[in-house]
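The values are calculated or read from the model by the stated rules, or taken from the named source; none is laboratory data. As the structure is a prediction and not an experimental result, all values here were calculated from the model. Virtual Cβ from ideal backbone geometry, glycine too; neighbours counted across all protein chains shown.
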Amino acid sequence: MEKNIEEIVTSNHEVKIMDRRQIYLTGVKKISSFDHEEFLLETTMGVLLLKGEGLEILRLDTHDGNVRIKGKINSFNYLENKEKMKEESIFTKLFK
C-alpha cells in the first residue's frame, strides 16, 4: 500500500522546546487563535493549547505546517474536546 506525499507530510507532528524561550512545531494545520499569552493550534495529533508570556510568531510556514513561536513557555496541553475549548476560549477573552 502506497501513501501520498501529502498524507506523509501531514501525519508528522513534532514539538521541540529550546530553553523555554522558543517552541518549534510541525504538523500544524491551523492556528485557531493567539495572543501574547495563549495560542490555540490545530495539529495532526489534536488541538494544542500553548500558554506563556510575551508569545509571538517568529516563523509560519502554512505550506508545510511549521510554526516557530518565541516567548516564555509556561505550558502546553493537548485538548480532548476541540469545539468546547474554542467556545470557552472565545467567551473567556470577551469577558476578561
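For this structure, a couple of remarks:
- In the range 37-53, of all residues being closer than 19 Å to Gly71 by Cβ and in contact with a Lys or Arg (Cβ under 6 Å, 6 or more places away or on another chain), the one that is surrounded by the most Cβ atoms within 10 Å (Cβ to Cβ) corresponds to Gly52.
- For first residues located in the range 38-53 and closer than 14 Å to Asn12 by Cα and small (Gly, Ala, Ser), partners that are at pLDDT below 95 and assigned to a strand (DSSP E or B) and lie 6+ apart or on another chain with Cβ distances below 9 Å form the pairs Gly46/Tyr78; Gly46/Leu79.
- Whichever residue in the range 68-81 is under 11 Å from the mean Cα position of the chain (by Cα) and within 17 Å of Asp19 (Cα to Cα) and, among such residues, is modelled with the lowest pLDDT: Phe76
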